[in-house]
Amino acid sequence: MPELPEVETIVRGLRQKIKANQIIKTSILRQRSLVKGSLDPQILVNQEIIDVERRGKLIVLKCQNKDDKEPYYFIVHLRMTGALLLKEAADQPDIHTKLTLTLKDSLDNIQQLFFHDIRGFGQIFVTKESGLNKWSFWQNLGPEPLSLELDTFKEILQKFKGKAIKALLLDQGALAGIGNIYADESLFKAKLNPKRKAGSLNESEIANLLAAIKENLTTSIENGGTTFRNYQDVNGQHGHNQEHLLVYGRGGEKCPVCGHLLEKITVAGRGTVICQHCQK
């Protein structure tokens with residue numbers, strides 16, 4: 001599943017290429033891709049995309065025209081295999097395309113935004129701004145890791161002190177956007193055993209973990225995200241951060257720090273790679 005860096009890479013690409021575009025047509029090809037309670041995407045026709053944002057792992061197109069009192073939001077959760085791809089005006093959807101938006105810029109150039117999703121687990125939610133306050137998934141998202149202050153992080157760890165630290169990192173209600181890849185990488189860099197309880201970390205360990213989280217996420221964004229199978233940016237390009245991962249997916253290989261074999265265990269129901277020598 002694309003995590004914060006992959007989603008942020010997509011958001012930055014979209015912001016550069018479709019901000020201020022007008023939506024002139026919508027085509028929903030798979031009704032089940034819409035979240036229950038979503039408005040019909042057709043309501044977005046003639047709306048201008050005034051910004052493209054990210055919240056956790058969600059891609060958010062903020063849309064409004066001069067007649068609206070409040071903006072509309074077109075929100076995409078990519079889940080496992082979803083992708084938002086910019087296409088030429090004449091391109092045709094394939095069997096994995098679930099929705100298309102046809103866009104026009106200020107020079108009347110036309111392009112299409114395809115929501116492509118091989119396994120069909122991705123979701124789309126269209127709502128007015130007031131509707132976000134009623135969407136429990138949105139309301140329950142935790143703070144953003146990249147802007148997180150140390151004192152707030154300490155409060156989160158105390159609130160979830162009985163949880164394994166990796167389980168906390170994966171909990172979108174505790175922190176929004178981190179998944180299995182960056183949890184493993186951050187815990188390795190901070191030299192913390194993923195099974196340790198969140199409440200057991202001392203001041204130094206908390207600071208090191210937050211620094212590791214921010215460093216790993218920032219580096220991955222700079223590398224265009226991590227691609228193992230399906231992730232691609234708006235231009236269909238793969239990320240390169242997989243070339244820089246230290247432990248994720250490397251169970252049975254040598255630890256890059258101490259040379260001991262990395263072990264694959266299960267924490268919070270997820271495959272987890274750990275160096276038992278380095279991570280305490």
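Which one of SER136, LEU107, PRO5 is farthest out on the positive end of the charge dipole of the chain, using unit charges on Cβ (Lys, Arg +1; Asp, Glu -1) and the Cα centre as origin?
Toward the positive end, the furthest listed residue is SER136.
With the Cα gyration tensor of region 173-264 giving a ≥ b ≥ c as the square roots of its eigenvalues, does the rule (a/c under 1.5 for rounded; else a/b larger than b/c for prolate; else oblate) give rounded, prolate or oblate? Display every interim value, and only then the final one.
Numbers: a/c = 2.16, a/b = 1.37, b/c = 1.57.
Here region 173-264 falls in the oblate category.
First check a/c for the chain, with a ≥ b ≥ c the square roots of the eigenvalues of its C-alpha gyration tensor; if it is under 1.5, answer rounded, and if not, answer prolate when a/b is larger than b/c or oblate otherwise. All intermediate terms of the calculation are to be shown ahead of the outcome.
Working: a/c = 2.40, a/b = 1.79, b/c = 1.34.
Judged from the Cα gyration tensor, the chain comes out prolate (a/c at least 1.5, a/b above b/c).
Among the lysines, which fall within straight-line cross-link reach of LYS87, defined as a Cα-Cα distance under 25 Å, with same-chain neighbours fewer than 8 residues apart omitted?
Leaving aside lysines fewer than 8 places away in the same chain, those within reach of LYS87 are LYS17, LYS19, LYS25, LYS57, LYS62, LYS98, LYS104.
Of the trypsin sites (Lys or Arg not before Pro) in region 89-144, which ones lie in a loop per DSSP and count no more than 16 other C-beta atoms within 10 Å?
Qualifying residues, ordered by number: ARG119, LYS134.
Toward the positive end of the charge dipole of the chain, about the Cα centre and with charges on Cβ (Lys, Arg +1; Asp, Glu -1), which of ASN180, CYS275, VAL257 goes farthest?
Final value for the positive-end residue is CYS275.
Report, by chain and number, residues whose modeled amide H sits under 5 Å from the one on LEU192, excluding near sequence neighbours (fewer than 5 apart, same chain).
Amide H neighbours of LEU192: LYS280.
Using a cut-off of 16 Å between alpha-carbon atoms, which aspartates and glutamates can reach LYS134, once sequence neighbours fewer than 8 places away in the same chain are excluded?
Filter leaves GLU70.
Along the charge dipole of the chain, Cβ charges K/R +1 and D/E -1, which of THR81, ILE165, CYS63 sits furthest on the positive end?
ILE165
With a 1.4 Å probe and all protein chains left in place, how much accessible area per residue does the chain have, in Å²? Each step should come with its number before you reach the end.
Values: 13360 Å² over 280 residues.
Value for the chain: 48 Å² per residue.
Charges only on Cβ, +1 for Lys and Arg, -1 for Asp and Glu: so what's the dipole of region 109-201 about the Cα centre, in debye to the nearest 20? Numbers along the way, then the final one.
Values: 13 positive and 9 negative charges, 106 e Å.
Once rounded to the nearest 20, the dipole reads 500 debye.
How much length, in nm to one decimal, is gained on full extension between ASN202 and GLU263, taken as 0.36 nm per residue of separation minus their Cα-Cα distance? Could the numbers behind the result be given before it?
On the way: separation 61, 0.36 × 61 = 21.96 nm, distance 2.50 nm.
Going from the current span to full extension adds 19.5 nm.
For ASP91, put the label point 7 Å out on the Cα→Cβ axis and report which residues of region 202-244 keep their amide N under 12 Å from it.
Counting only backbone N, you get 233-237.
Cα centroid distance between region 157-197 and region 65-138, in Å?
So the separation of the two Cα centres works out to 31 Å.
Please give, to one decimal in nm, the separation of the simple spin-label points placed at LYS25 and PHE137, each 7 Å out from Cα toward the Cβ.
2.8
Measure nothing but the geometry: give the 0 to 90° angle between the long axis through the Cα atoms of 150-159 and the longest principal axis through the Cα atoms of the chain, rounded to 10°.
Relative to the chain, helix 150-159 is tipped by roughly 80 degrees.
Run the reach check for LYS264 against lysines, Cα to Cα strictly under 25 Å, same-chain hits fewer than 8 apart removed. What comes back?
LYS161, LYS163, LYS166, LYS189, LYS191, LYS195, LYS197, LYS214, LYS254, LYS280
Under the classification rounded if a/c is under 1.5, otherwise prolate if a/b is larger than b/c and oblate if not, where does region 1-138 fall, given a ≥ b ≥ c as square roots of the Cα gyration tensor eigenvalues? Working shown, then result.
Details: a/c = 1.32, a/b = 1.05, b/c = 1.26.
Because its axes are fairly even, with a/c under 1.5, region 1-138 counts as rounded.
Working from Cα positions, state the angle (0 to 90°, nearest 10) between the long axis of helix 203-222 and the longest principal axis of the chain.
That works out to roughly 40 degrees.
Over region 33-182, what percent of the accessible surface lies on carbon and sulfur atoms, probe 1.4 Å? Numbers along the way, then the final one.
Working: 3220 of 6830 Å².
Carbon and sulfur: 47 percent of the exposed surface of region 33-182.
Pulled fully out, how much extra length does the chain show between SER130 and ILE43, if you take 0.36 nm times their separation in residues and subtract their Cα-Cα distance?
Values: separation 87, 0.36 × 87 = 31.32 nm, distance 1.54 nm.
Once the chain is fully extended between SER130 and ILE43, it gains 29.8 nm.
Which length gain, in nm to one decimal place, applies between MET80 and LEU150 when the Cα-Cα distance is subtracted from 0.36 nm times their residue separation?
On the way: separation 70, 0.36 × 70 = 25.20 nm, distance 3.09 nm.
Between MET80 and LEU150, full extension yields an extra 22.1 nm.
If you fit an axis through the alpha-carbon atoms of helix 4-18 and take the longest principal axis of the Cα set of the chain, what angle between them do you get, 0 to 90°, nearest 10?
It is inclined by approximately 20 degrees.
Relative contact order of the chain, please, whole-number percent, based on alpha carbon pairs below 8 angstrom and at least 6 residues apart. Write down the numbers at each step before the final one.
Values: 576 pairs, mean separation 51.2, N = 280.
This gives 18 percent for the chain.
Given labels modelled 7 Å from the Cα in the Cβ direction, how far is it in nm from LEU107 to GLU243?
So the two model labels end up 3.2 nm from each other.
Which chymotrypsin sites (Phe, Trp or Tyr not before Pro) in region 173-280 sit in a loop by DSSP (not H, G, I, E or B) and have at most 13 other Cβ atoms within 10 Å of their own Cβ?
Working: sites: TYR182, PHE188, PHE228, TYR231, TYR248; in loops: PHE228, TYR231, TYR248.
Here the chymotrypsin sites (Phe, Trp or Tyr not before Pro) that fit, given the DSSP loop and packing criteria, are PHE228.
Under unit Cβ charges (Lys, Arg +1; Asp, Glu -1), what dipole magnitude, rounded to 20 debye, does the chain have relative to its Cα centre? Don't jump to the answer; show the numbers that get you there.
Values: 38 positive and 32 negative charges, 203 e Å.
Using only the charged Cβ atoms, the result is roughly 980 debye.
The values are calculated or read from the model by the stated rules, or taken from the named source; none is laboratory data. Since the model is a prediction, treat every value here as computed from it, not as a measurement. Reconstructed Cβ throughout: ideal geometry from the backbone, glycine too, with neighbour counts over all protein chains shown. Remember, those area values only see protein heavy atoms, side chains included, never the ligands or the DNA or RNA. Shrake-Rupley method; radii C 1.70, N 1.55, O 1.52, S 1.80 Å.
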